[in-house]
Each structure stands twice: as structure tokens, then as C-alpha cells.
Amino acid sequence: MVFDRAYCQQAICSPSRISLLTGMRCENTKIYGLVYKKKDKLPDVVSLPMHFKNNGYVTKSIGKIYHHGDDDPDAWSTQPYRSMVGSGYATEEGKALVIENNRTNPNAGSKGPVTEAADVPDNGYSDGRSADRAIEEIRANKDNPWFIALGFRKPHLPFTAPRKYWDMYDPAGFSLADNPYPPEGVTEFTMNNYGELRNYYQMPRGKEPVNDELARHLIHGYHACVSFIDAQIGRVMDEVKAQGLLDDTIVILWGDHGWKLGEHGS
């Protein structure tokens, strides 16, 4: 069953995830930003994983589920597993550019190059390690009722994936958006300046446009990351099937945001 009219409760990560996992709208959680955690404002609210845990399930958090690793500590049978280490880049060059970016950009944080295509196995990046961990947990708990929340980061920025997923595509085959202009009737408050993208190393600042070559490269990176995650989901589903659990397992796949790939200049 496909639900194609599912909307984020808030246009930012943490409050939408808390809303989804508690069944409460943001008007009721009073969590609208990234600072407050579920445990800060809603410690007594029974979340989805807590409901399973209270009913005898082994509950595991792998990767990014809530925005913070300790949002809902009582919901999990063991401490949440976060596979992201440091900046998340696989190459020394990528890690070095994080440091370089911080020298000139006060908003850089862990941001280095906007893309990376390292010649590494899937678990050279955090999402591959998350899939590995999920497979381990399925094997370890095959005789127990389990609820596994598995959160992949890609295709979130930066567009980093093993080179083999980049090589699946011909960069010249990507078309640019045919509507790189504001929609009719737009207000001065409506347009997105995609500020996060602009804080990566050597990205255009302010309202400087992204040139066609860079736009096509970013679209390539997005596709590489989607294929990378597609493969990880396939690996996990193969393990569910290998353990004979496919007919006795409910699988729900959702994403917390979508992308404009140049549409309306964003």
C-alpha cells in the first residue's frame, strides 16, 4: 500500500520525527525546532517504539530515528546505535576540507565538500554500517518479537556514496529543471534560499546562482545516494527473507523530506 499524500508536520527534522513517533501534532508537542527532545517536553507520552517495548518486543534504534540519539531513552531495549562517525566523509581529502571550510565559514560545522565518491565498500559510509547492524540484530533476535527502527541518512546532504553508485549514471544524461524561476504569486517570504547547501565548501554564497555544471553534478549525487540507500534496503530485506520472517514482518518505509532538484531555483 502506497501513501502518496503524507506530509511533514513541521518543515524541519526533529519536530516532524517526534510528531510521527508520538502521534501528536506540533501544536500539542510544542516542539518546533531542533533544541528540545522528546524526553524534555513529553517524557510520559508513550511513543511508537515504547508501545512495542511495553508489549514484550525487543526494540532497537539504528541510525537516525529521532534527531537526537537520546530523545526517547526509555523506548529502546539497548542504547541507540549511531553509525555516523565524525564528519561522515570517507576520504582524508573530504575530512581535511571540513577543517578548511571552518577557517572561512562560521556556519560550516561538519560540512566539507558537498559530494564525495570514495572507492569504498558500502560500509565505508555510515548508512552501509547501519544496514550491517540491522542485519546483525535480525539474526540475533530472529526468535524474539522485534521492532527495529532503521534510519538511513541519505539522500540528505552531503551527497556522499561509494563510487560504484555514482558509476551507475551518465552525468550527461541528467536534465536540468525547466522552471528555475519563482512561481507565480510568490511572496517575499516563500522562496527557499537553500542555506544548508550554501554552507558546504566552495558553494555559491548568498543568492549567487548555481551554474549548470554544478547543478547537474548535484543531481548526479542525489541519484547516486538514492541508489545507495535502495541497495541497503535490499540487503536488509534479503536478510528478513533469509531468516524466514518475511511473511511475519510488517515493513514500513518512509522518508522525512523530499528534494527540489533546481525547480524554482532551489
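Might you let me know whether the stretch 142-157 holds any residue that is in a helix (DSSP H, G or I), more than 17 Å from GLN232 (Cβ to Cβ) and either open to solvent by 10 Å² or more (accessible area, probe 1.4 Å) or of a type in the set (Gly, Ala, Ser) (or both)? Let's see the steps before the verdict.
Within the stretch 142-157, the first condition is being in a helix (DSSP H, G or I), and the residues that meet it are none.
For the stretch 142-157, residues in a helix (DSSP H, G or I), more than 17 Å from GLN232 (Cβ to Cβ) and either open to solvent by 10 Å² or more (accessible area, probe 1.4 Å) or of a type in the set (Gly, Ala, Ser) (or both): absent.
Tally the residues that are under 21 Å from the mean Cα position of the chain (by Cα) and open to solvent by 30 Å² or more (accessible area, probe 1.4 Å), restricting the search to the stretch 34-61.
Going through the stretch 34-61 one residue at a time, the tally reaches 5.
Can you tell me how many residues within the stretch 187-222 are open to solvent by 20 Å² or more (accessible area, probe 1.4 Å), assigned to a loop (DSSP other than H, G, I, E, B) and modelled with pLDDT of 90 or more?
Total meeting the criteria: 6.
When you scan the stretch 107-158, how many residues do you find that are β-branched (Val, Ile, Thr) and farther than 27 Å from GLY206 by Cβ?
Qualifying residue count, the stretch 107-158: 4.
Quickly run through the stretch 76-102 and pick out the residues that are open to solvent by 30 Å² or more (accessible area, probe 1.4 Å) and of a type in the set (Phe, Trp, Tyr).
TYR81
Quick check on the stretch 109-121: of everything there that is surrounded by fewer than 19 Cβ atoms within 10 Å (Cβ to Cβ) and of a type outside the set (S, T, N, Q), which residue is nearest to the chain's Cα centre (by Cα)?
So, considering only residues that are surrounded by fewer than 19 Cβ atoms within 10 Å (Cβ to Cβ) and of a type outside the set (S, T, N, Q), the one nearest to the chain's Cα centre (by Cα) is GLY109.
Scan the stretch 223-266 for residues that are open to solvent by less than 40 Å² (accessible area, probe 1.4 Å) and part of a helix (DSSP H, G or I) and report the count.
Of the residues in that region, 12 qualify.
Only helices (runs of 4 or more DSSP H) wholly contained in the stretch 1-99 count here; list those with 1 or more residues that are in contact (Cβ under 8 Å) with a residue 40 or more places away in the chain, of a type outside the set (Ser, Thr, Tyr) and touching a helix residue (DSSP H, G or I) at 6+ places or on another chain (Cβ under 7 Å).
Output list reads 13-22, 48-54.
The values are calculated or read from the model by the stated rules, or taken from the named source; none is laboratory data. Keep in mind the model is a prediction, meaning the values are calculated, not measured. Here Cβ is always computed from backbone atoms with ideal geometry, including for glycine, and neighbour counts include all displayed protein chains. Only protein heavy atoms, including side chains, enter the accessible area calculation; ligands, DNA and RNA are left aside. Shrake-Rupley method; radii C 1.70, N 1.55, O 1.52, S 1.80 Å.
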